[in-house]
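The block underneath contains the structure these notes are about, expressed in structure tokens.
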Amino acid sequence: MLYAHSLPDHPETDWQTLEAHHAGVSRLAADFAAVWGTPETASLLGKIHDTGKRSDAFQQRLRGRPGRVDHSSAACLYLMRQWGEEARPDAGRLLARLLAYPLLGHHGGMPDHGAEAAEGTLAWRLYGARARDVPDWRAEGCAALPPSMTFWRELQALMCLEGRKPDPFAVSFLLRMLYSCLVDADFLDTEAFCAADRAALRPAWPSLAELAQRFAAAMSERGFLSGPEVTEEHLHAGAATACGSEERRAAIATARRYMLQCCCRAAEAPPGAFSLTMPTGGGKTLSSLAFALRHARAHRLRRIILVVPYTSIIEQNAEVFRQVLGDDAVLEHHSNFLHPEEEREDGDARAALAYKLSTENWDAHVIVTTSVQFFESLFADRPSRCRKLHNVAGSVIILDEVQMLPIPLVQPCVAALRLLTRHYGCSVLLCTATQPALMRSACLADGFREEEIRHIIPPAALPPLFRIFQRTRLEQTGVLDDETLARR
């Protein structure tokens with residue numbers, strides 16, 4: 001009998017078998033990757049990721065022998081050997097090398113390819129000195145591998161952007177998403193066996209259907225969903241009123257209702273990229289949430305992720321979400337957040353731990369996080385960062401104050417957003433009062449195409465909207481002496 005995990009002070013008959021662990025990880029990983037259509041590949045990774053535990057060296061380590069044992073290289077070598085004997089061995093070996101990234105990195109992080117002589121690289125582990133030191137493992141009993149072409153067919157569309165030619169960025173993104181499926185499935189299955197009490201603390205978050213009902217009730221209570229349909233004629237009339245007057249205050253309420261109505265109508269459109277241009281004070285937080293909830297339910301998307309550039313405003317936005325959705329609905333994940341139970345001397349440590357468990361893989365349905373947390377995770381290579389990536393797929397991603405994307409990082413950030421909308425079932429909502437230039441151009445080769453972004457607020461409605469919310473008037477008065485300036 002081969003084992004994957006032992007239990008302290010328990011007989012071996014209580015240990016988790018390697019077969020059971022592989023089956024559990026395979027099932028979870030396949031479920032995760034089904035969102036974007038690669039369940040077979042993810043299932044394969046789960047079935048073979050711990051092949052190295054079939055060695056006597058690892059089994060003796062479970063029984064107390066000290067020292068570390070390489071148990072991740074064997075799966076890659078197994079793929080190389082089996083697929084290298086196919087009728088098209090070059091294609092088989094190439095796929096084996098690609099899948100080696102998530103397999104080799106499922107504990108320590110995905111390696112760079114590097115060179116055979118560079119310690120720690122993928123080449124060193126597959127072809128260099130490390131490959132010659134992999135403990136002998138028992139190939140007998142390993143499940144037969146399907147032909148590599150089975151997986152090529154499943155992966156090919158996700159590897160390309162234009163036509164049938166593979167794109168390096170798309171390939172690396174796909175590998176990172178498969179890696180996320182594998183490492184989260186591995187963590188969860190191991191946790192369920194080795195730390196069942198901890199696994200039981202993982203919270204059951206309210207469904208999006210329930211959250212939509214809570215939102216509708218809260219908005220109706222505030223009077224935001226009542227009133228007749230607002231037209232652009234109403235906006236022009238409101239823009240003509242005097243700033244600070246009762247008529248202008250009424251126009252502001254009308255304008256907010258107009259933008260909320262636009263968001264609700266746009267939610268029926270197919271998933272993709274949307275822009276929401278709203279003047280400051282227009283109710284962007286609630287309007288974007290209204291769009292996200294309706295859009296997610298209309299198209300069976302799984303969660304809503306609000307991405308905010310500043311920690312100074314993220315707490316404000318999260319609080320707005322809690323006010324209309326409930327305190328139990330929002331997973332707030334950023335460096336400044338401290339769970340309320342952690343702030344109390346007699347706080348419930350189990351509740352705080354349950355919350356932290358959800359930050360590991362973002363299994364909540366509404367998440368509020370920072371741009372740094374979101375984008376760094378998309379480009380990370382460590383299990384702790386990447387576990388959440390598969391849960392980003394099939395989501396509505398609200399990018400608040402999107403103009404604050406750092407200019408040196410705009411190219412990769414936009415490229416990642418386009419992949420999420422094209423291949424991973426996401427809708428991206430670009431929210432701001434000042435939309436940045438994210439369209440394809442000479443300066444932004446991977447920018448959005450004009451036809452890819454749908455404008456929720458009609459461009460013709462923006463001038464009167466901005467006039468309605470205008471709070472100051474700028475005048476060029478020329479040079480003033482100090483006395484005049486002080487008096488004014």
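The values are calculated or read from the model by the stated rules, or taken from the named source; none is laboratory data. Bear in mind the structure is a predicted one, so any value in this text is a computation, not a measurement. Every residue, glycine as well, gets a Cβ built from its backbone with ideal geometry; the counts of neighbours run over all protein chains shown. With ligands, DNA and RNA removed, areas are computed over all heavy atoms of the protein, side chains included. Shrake-Rupley method; radii C 1.70, N 1.55, O 1.52, S 1.80 Å.
Residues in segment 188-211 that are of a type in the set (D, E, K, R) and either over 29 Å from H22 (Cβ atoms) or under 20 Å from the mean Cα position of the chain (by Cα) (or both): R202, E210.
All conditions but one from (1) at pLDDT 90 or above; (2) outside any helix (DSSP H, G or I); (3) of a type outside the set (K, R) apply to D184; the one that does not is (2).
The number of residues in segment 99-151 being in contact (Cβ under 8 Å) with a residue 60 or more places away in the chain and more than 25 Å from the chain's Cα centre (by Cα) comes to 17.
Report the residue count in segment 60-70 for those that are within 20 Å of W15 (Cβ to Cβ) and in contact with a Pro (Cβ under 8 Å, 6 or more places away or on another chain). Break it down into steps so the answer makes sense when it comes.
Taking segment 60-70 as the starting set, the residues that turn out to be within 20 Å of W15 (Cβ to Cβ) are 60-69.
Filter once more, so that each one left must be in contact with a Pro (Cβ under 8 Å, 6 or more places away or on another chain): 69.
Matching residues across segment 60-70 total 1.
A search for C-beta distances below 6 Å between a residue of segment 303-325 that is in contact (Cβ under 8 Å) with a residue 40 or more places away in the chain and any residue that is surrounded by fewer than 17 Cβ atoms within 10 Å (Cβ to Cβ) and in a helix (DSSP H, G or I), counting only pairs 6+ apart in sequence or on different chains, returns P309/M404; V324/A218; L325/R214. Restricted to segment 373-488, the set of helices (runs of 4 or more DSSP H) holding at least 1 residues that are of a type in the set (A, V, I, L, M, F, W, C) and open to solvent by 10 Å² or more (accessible area, probe 1.4 Å) comprises 410-423, 462-468, 482-487. The lone criterion from (1) modelled with pLDDT of 95 or more; (2) closer than 21 Å to A393 by Cα; (3) basic (K, R) left unmet by R202 is number (1). Screening segment 6-66 for helices (runs of 4 or more DSSP H) wholly inside it with 3 or more residues that are closer than 20 Å to Q82 by Cβ and out of contact with any strand residue (DSSP E or B) (no Cβ under 7 Å at 6 or more places or on another chain) returns the ranges 18-33, 39-48. Scanning segment 301-317 for residues that are more than 20 Å from L405 (Cα to Cα), open to solvent by less than 40 Å² (accessible area, probe 1.4 Å) and either of a type in the set (D, E) or not in a strand (DSSP E or B) (or both) yields a single hit, L301.
Mind listing whichever residues of segment 30-51 are in contact with a Ser or Thr (Cβ under 6 Å, 6 or more places away or on another chain) and small (G, A, S)? Result: A30, S43, G46. Out of the residues in segment 71-94 meeting the condition of being in contact (Cβ under 8 Å) with a residue 12 or more places away in the chain, out of contact with any strand residue (DSSP E or B) (no Cβ under 9 Å at 6 or more places or on another chain) and in a loop (DSSP other than H, G, I, E, B), tell me which one is surrounded by the most Cβ atoms within 10 Å (Cβ to Cβ). This residue is S72.
Can you tell me which residues in segment 364-378 are within 19 Å of A170 (Cα to Cα) and touching a residue at least 40 places away in the same chain (Cβ under 8 Å)? Passing the criteria: F374, F375, L378.
Taking only pairs six or more apart or across chains, which ones have beta-carbon atoms under 7 Å, a first residue in segment 1-28 that is of a type in the set (D, E), and a second residue that is outside any strand (DSSP E or B)? Correct list of pairs: D14/L7.
Specify the residue that is modelled with the highest pLDDT; the eligible residues are those in segment 347-372 that are assigned to a loop (DSSP other than H, G, I, E, B) and loosely packed, with under 15 Cβ neighbours inside 10 Å. Let's see the steps before the verdict.
In the first step, residues of segment 347-372 are kept if they are assigned to a loop (DSSP other than H, G, I, E, B); the result is 347-348, 362-365.
Of the ones still in play, those that are also loosely packed, with under 15 Cβ neighbours inside 10 Å are 347-348.
On the way: G347: 61, D348: 67.
So, considering only residues that are assigned to a loop (DSSP other than H, G, I, E, B) and loosely packed, with under 15 Cβ neighbours inside 10 Å, the one modelled with the highest pLDDT is D348.
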